[in-house]
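See below for the structure under consideration.
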Amino acid sequence: MNAFSYIHCHPEIVGRGPCASPPQKDQIVNNIIYMDNHATTPIAPEVLEAMIPYLTTHFGNASSTHSFGTTAKDAVDKARHQVADLLGCSVEEIVFTSGATESDNLAIRGIAYARRDNGNHIITNTAEHHAILDTCHALAAEGFETTYLPVDKYGMVSPDDVEAAITPKTVLMSFMYANNEVGTINPISDIATVAAKHGVLFHSDAVQGIGQLSSDMERLGVDLASLTAHKIYGPKGIGALYIRRNISPPHSLFHGGGQELGVRPGTLNVAGIVGLGAACELAKNYMEQGKNGVSALRDTLHQKLNVCLEDIHLNGHPEQRLPGNLNLCFASVQSHALLMGLKSVAISTGSACDSESVTASHVLVAMGVPNELALTAIRFGLGRYNTAEEVDIVADEVIRVVNRLRALAPE
């Protein structure tokens, strides 16, 4: 079965863009509108089409020397160029991994181990993803120290705070490009300037920013950056770590085989890598058009909710934010009750990694949002395939359910 046959038999995977026809019921999985694109994105049809040959006929191991292996290696080389092109870097600076969590661990642990003779101090902030926070907590048992900087009411890190936290033992700092829960964009370039001034390596969990914001690593000035395919309309289980060429590489976390310059050994996930490359190429071509279109839909949704509902609060920076992010607190309405009431909308309470938690988001707590209000937060993650019609439907549903839950709530 070729890609077009597969797509024809599975219409639910086909995306809807701004020029597409209005969505029909059979185009929305189980009649549910998807607005949780910070958690994951659907695979773009073009990405799936690129991957299918490497899941079927072109199944060779990229390390093999026969024709099957050569075909696979050529595909990996092409994908590496596609990723590097999006990041404005050389192909030698791209290491393929299983995803952002592995990339974050490779960057944090790998650099901490590699520079242990220079110091044992790491700087990050309290609103980072748990892939960073938990890794730093784990390193504490090995003698490393971490400074967790505060964020402001928008969830933003201050470059001045970063500079003040640097000590002679600081070997690494890690700050996300854009927050996965509230969408706030950090001043990455300014922080990179501080890091370079003091000779400290700078890693960024750039998962949410890459493909939506400027992704030129040279301009941003970071030394290492994590990305993953499934946030940019590619497959799950594949990501990459950008490692600036003029720095000492991180220590490998694995052993066995010399793939990826020995930094990340293991048989390459060729189909996944092809998907990541195709997704990066699409992202580069779509970025400006997509950013403007998605942010317009987000603003429309916010305006409709604001007009019809009282006592809702925007979380995150009102302007310096991801184009598709809308994180709102609906006072007096528990977020889990609201999610249960929204049967036809797929959204979340925050990070997908914490979706089972009934405690307040650590990001909102770090921003100083009162616990009672933080428990009412909902994250809308609009994406490339959402439409104006869907925004209207979602707004109406949210307004209806919020009003019903408030009417049932005690005084």
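Any read-out appearing in this document is the output of simple, stated calculations on the displayed coordinates, not a laboratory observation. Here the structure is a predicted model, which means the values were calculated and not measured. As a convention, Cβ positions derive from the backbone with ideal geometry for all residues, glycine included, and neighbour counts pool all protein chains shown.
Of note:
- Highest GNM mean-square fluctuation among THR359, THR147, THR124, for the chain modelled with Cα contacts below 10 Å: THR359.
- Choice from ALA366, ALA114, ALA278 with maximal GNM fluctuation in the chain (Cα, 10 Å cutoff): ALA114
- Note on ASN292 and SER248: their simple-model spin labels are 4.7 nm apart, each label 7 Å out from Cα toward Cβ.
- For PHE380, residues with placed amide H under 5 Å, excluding near neighbours: LEU326, ASN327, LEU328
- Between GLN303 and TYR148, the simple label model (points 7 Å from Cα in the Cβ direction) yields a spacing of 4.0 nm.
- Amide H contacts of THR147 (H built 1.01 Å from N, under 5 Å, at least 5 apart or other chain): ILE122, ILE123, THR124
- Segment 186-231: C-alpha gyration tensor shape, a/c 1.5 cut-off, then a/b vs b/c: prolate
- The chain, Rg to Rh (Cα coordinates; Rh as Kirkwood inverse mean 1/r): 0.98
- For segment 248-390, relative contact order (Cα pairs under 8 Å, six or more residues apart, normalised by length) works out to 22 percent.
- Descending semi-axes in whole angstrom, ellipsoid equivalent of segment 221-277, from the Cα gyration tensor: 20, 17, 8
- Along principal axes, Cα extents of segment 143-248, largest first, whole Å: 41, 36, 30
- Estimated vicinal HN-Hα couplings, Hz - segment 262-279 in sequence order (Karplus 6.51, -1.76, 1.60; Gly, Pro = x): x, 6, 9, x, x, 4, 6, 7, 4, 4, x, 4, 4, x, 4, x, 5, 5
- Shown here: segment 264-366, whose C-alpha atoms stretch 52, 33, 31 Å along the first, second and third principal axes, sorted largest to smallest.
- When DSSP beta bridges are restricted to pairs lying wholly in the chain, around 55% turn out antiparallel.
- Amide H contacts of VAL345 (H built 1.01 Å from N, in plane; Pro and chain starts excluded): ILE33 sit under 5 Å, all sequence-distant by 5 or more or on other chains.
- Residue ranges 308-317, 376-385, 40-49 sort as 376-385, 40-49, 308-317 when ordered by packing (mean number of other C-beta atoms within 10 Å per residue, highest first).
- Within segment 229-265: backbone nitrogen closer than 18 Å to the ASP117 label point (7 Å, Cα to C-beta): 247-252
- Computed from the alpha carbon atoms alone, the convex hull of segment 306-411 holds 118 Å³ per residue.
- A DSSP coil position with no more than 11 other Cβ atoms inside 10 Å describes the following trypsin sites (Lys or Arg not before Pro) in segment 180-279: ARG245.
- The HN-Hα couplings worked out from phi for segment 174-183 by the Karplus form 6.51 cos²θ - 1.76 cosθ + 1.60 (θ = phi - 60°) are 9, 9, 5, 5, 9, 6, 6, 9, 9, x Hz, whole numbers, x standing for Gly and Pro.
- Along segment 133-145 the Karplus relation, 6.51 cos²θ - 1.76 cosθ + 1.60 evaluated at θ = phi - 60°, assigns HN-Hα couplings of 4, 5, 5, 5, 4, 5, 5, 4, 5, 9, x, 8, 10 Hz to successive residues, with x for each Gly and Pro.
- Loop-resident trypsin sites (Lys or Arg not before Pro) (DSSP state other than H, G, I, E or B) in segment 109-186 with no more than 14 further Cβ atoms inside 10 Å of their Cβ: ARG116, LYS153, LYS169.
- Take every Cα pair under 8 Å whose residues are at least 6 apart in sequence, average their separation, divide by the length of the chain, and the relative contact order is 22 percent.
- Cross-link pairs LYS231/LYS304; LYS78/LYS291; LYS153/LYS291; LYS73/LYS169; LYS78/LYS236 - those with Cα-Cα distance over 31 Å: LYS73/LYS169
- Contact order relative to length of segment 38-179, as percent, for alpha carbon pairs under 8 angstrom and 6 or more apart: 20 percent
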